[in-house]
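Read the structure below first, then the notes.
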Amino acid sequence: MDGPSLVVQFFHSLPHLDIHLSRIPPVFDSSNPKYLEALAVIGSVPILWLILTMIGLLTYFLTRCCDKKLQVPRPMEAHRWVLGFTAVLCCGSIAVGLYGNDDFHSGTKAFANALQTIQDNATGAELGAASVIESIQAQIEPQTQNLTKLLEKILPSQNASIHVAMVREMRVVVSNINSISDNLKLGSHILRSVHVQPYVDQIHEIEIIRWPVTIGVLSFYIFLCLVLIFGIVKGSRCTILLFTVLGLVCLVINWIMASAYLVAGVGGSDLCMNPSGVILNTTRDLATKELLHRYVVCNKSDEMLGPVEGPIREARLAVTEADTGVYKFVELSSQYYSHRDVRVVAERLKRHLGTASHNLSMLASLVDCRQPHQQYQKAVFHMCEVGMYGIAFMFLSSVATGLLFTILVWIGSHVWIYLKTRKGYLQVADQEPFLPLSTSNASRASGSTGRSQNLPSAPPGSNTNSLRYHSRHSHTPPQTPPFPGTLTGRTSTDDKDKTLTLRKNQEISLTSTIGRRSPPVVLGPNNGQYATLSKSCKTLESSDFY
């Protein structure tokens with residue numbers, strides 16, 4: 001990585017102030033309360049803007065509620081166009097947030113994978129060292145003890161100095177084998193201090209929740225914008241009102257997310273300005289700090305070896321010296337001694353030492369600093385480049401979405417009040433089955449125009465109380481069944497004339513009662529009474545049906 005990116009430099013350049021507005025050094029230190037306080041102050045800026053926005057919207061809503069001119073409907077065409085265009089822009093800003101969310105997820109995932117690779121290398125090297133130690137204890141040391149016992153049983157030959165040389169070589173072999181075990185135990189102990197697995201697990205646990213939740217929230221924002229566009233096209237007051245209410249809730253959530261992105265951006269940029277220094281300051285153990293420095297810097301021109309590479313190298317040299325000692329021991333025993341068991345045990349020991357040398361070569365490649373350093377650079381790149389760009393996109397998207405949502409809620413709350421309500425259906429009453437057709441029509445007409453229009457106007461100077469009394473208590477009786485002799489329900493011409501004459505007399509009596517109190521006159525045939533059969537009516541016979 002050549003240097004910090006522009007995004008890292010921008011977030012790092014933001015002022016770090018504590019609660020007393022005093023400047024704090026912009027150096028990442030999670031254990032420093034002053035630094036954490038500065039991050040909290042920076043994160044409170046979007047929250048403060050949210051509070052001011054809510055106060056402004058509340059003030060506007062109160063002024064709209066007290067405005068008495070809201071009764072007049074208006075077309076609001078210009079406002080609706082502004083709402084539609086702003087909703088489309090808001091969808092675009094939300095799409096930028098979705099891109100940043102995916103970018104940050106990819107960077108975080110690659111960062112966790114790089115840390116996992118470093119942990120796997122350390123764990124593999126630790127297991128390899130343990131395997132070599134186990135093979136030494138199970139195979140090499142027993143063979144060494146057997147060879148020592150056989151050597152003690154052999155009597156010195158004519159040349160006693162040869163026997164002394166064989167004993168000396170045997171002691172060298174035993175000493176080197178013990179050195180192999182000691183160096184491997186030291187290296188294994190140092191490798192055990194590389195413990196980044198909890199960080200990897202925590203990153204995965206957080207990201208497996210954050211990534212889909214962020215996608216769901218931003219998708220809901222887009223859905224609200226589409227609902228608003230639908231309400232604008234249809235001219236639906238309910239839809240725009242629904243967007244206004246839910247938009248306030250989304251506005252609160254959005255600015256809280258913007259605050260979190262700002263804190264993450266500033267803290268991440270401070271870390272990315274000097275990641276190696278932050279990593280080295282996280283531990284106080286000298287051996288662990290030396291190991292981390294070796295993996296972070298990895299200067300191959302430096303002759304000094306790392307805390308793990310040194311013991312592994314010493315173990316490999318000890319295996320070589322032990323193998324040389326066994327070779328010399330076999331040569332001496334074969335020249336001056338004819339004891340066959342000595343040569344057999346020595347050959348077995350030599351094969352086991354060759355296997356240990358091969359395992360130590362593989363172990364040395366695992367603890368070499370080049371591979372961990374490469375993973376470290378990969379982790380820093382994905383965290384400080386890809387991840388920080390993702391945070392920047394999400395922060396910019398949150399700020400733009402918050403401002404656009406404020407405009408949409410403000411104009412939407414203004415538009416839905418002035419939109420014309422949709423014309424309702426005509427209230428058509430069903431024909432009452434027990435009323436005549438004319439009475440039913442009059443009933444329907446009175447339902448739409450009012451009962452006062454059907455009442456006769458009172459002459460000047462007359463009392464209107466009797467008219468009100470009559471209109472309140474008068475009713476039309478149910479339709480009478482057909483009179484005898486009219487099976488089809490139709491009356492003759494004489495019956496119609498009688499009915500018309502009766503209705504005229506009733507209207508005259510109604511007019512005469514206006515101005516004085518009298519019982520109400522009931523309209524309808526038979527003076528409001530049901531018709532009964534008279535004695536003079538003809539009785540139906542069977543001949544009338546044929």
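Structure values in brief
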| read-out | value |
| --- | --- |
| Search result, residues across region 357-382 that are of a type in the set (A, V, I, L, M) and open to solvent by 50 Å² or more (accessible area, probe 1.4 Å) | MET362, LEU366 |
| Residue that is modelled with the highest pLDDT [pool: residues in region 59-96 that are part of a helix (DSSP H, G or I), open to solvent by 40 Å² or more (accessible area, probe 1.4 Å) and among the β-branched types (Val, Ile, Thr)] | VAL96 |
| Selected residue [within 22 Å of ASP102 (Cα to Cα), of a type in the set (A, V, I, L, M) and part of a helix (DSSP H, G or I)] from VAL233, VAL217 | VAL217 |
| Subset tally (residues that are farther than 20 Å from LEU408 by Cβ, open to solvent by 40 Å² or more (accessible area, probe 1.4 Å) and touching a helix residue (DSSP H, G or I) at 6+ places or on another chain (Cβ under 7 Å)) for region 204-227 | 3 |
| Test: residue in region 230-238 that is of a type in the set (Phe, Trp, Tyr) and within 11 Å of the chain's Cα centre (by Cα) | no |
| Test for SER175: is it surrounded by fewer than 18 Cβ atoms within 10 Å (Cβ to Cβ), modelled with pLDDT of 85 or more and more than 19 Å from HIS358 (Cα to Cα) | yes |
| For GLY56: the one exception among (1) modelled with pLDDT under 85; (2) surrounded by fewer than 17 Cβ atoms within 10 Å (Cβ to Cβ) | (1) |
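Residues are listed down the side, and each one gets a yes or a no for (1) modelled with pLDDT of 90 or more; (2) touching a helix residue (DSSP H, G or I) at 6+ places or on another chain (Cβ under 6 Å); (3) open to solvent by less than 20 Å² (accessible area, probe 1.4 Å):
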| residue | (1), (2), (3) |
| --- | --- |
| ILE253 | yes, no, no |
| MET257 | yes, yes, no |
| VAL296 | no, yes, yes |
| ALA322 | no, yes, yes |
| PHE329 | no, yes, yes |
| GLN335 | no, no, no |
| VAL342 | no, yes, yes |
| ARG348 | no, yes, no |
| THR355 | no, no, no |
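The values are calculated or read from the model by the stated rules, or taken from the named source; none is laboratory data. Everything quoted here is computed from the prediction, not taken from an experiment. Positions of Cβ are generated from backbone atoms using ideal geometry, with glycine treated the same way; all protein chains shown enter the neighbour counts. SASA here: full protein model, heavy atoms, side chains in, ligands and nucleic acids out. Shrake-Rupley method; radii C 1.70, N 1.55, O 1.52, S 1.80 Å.
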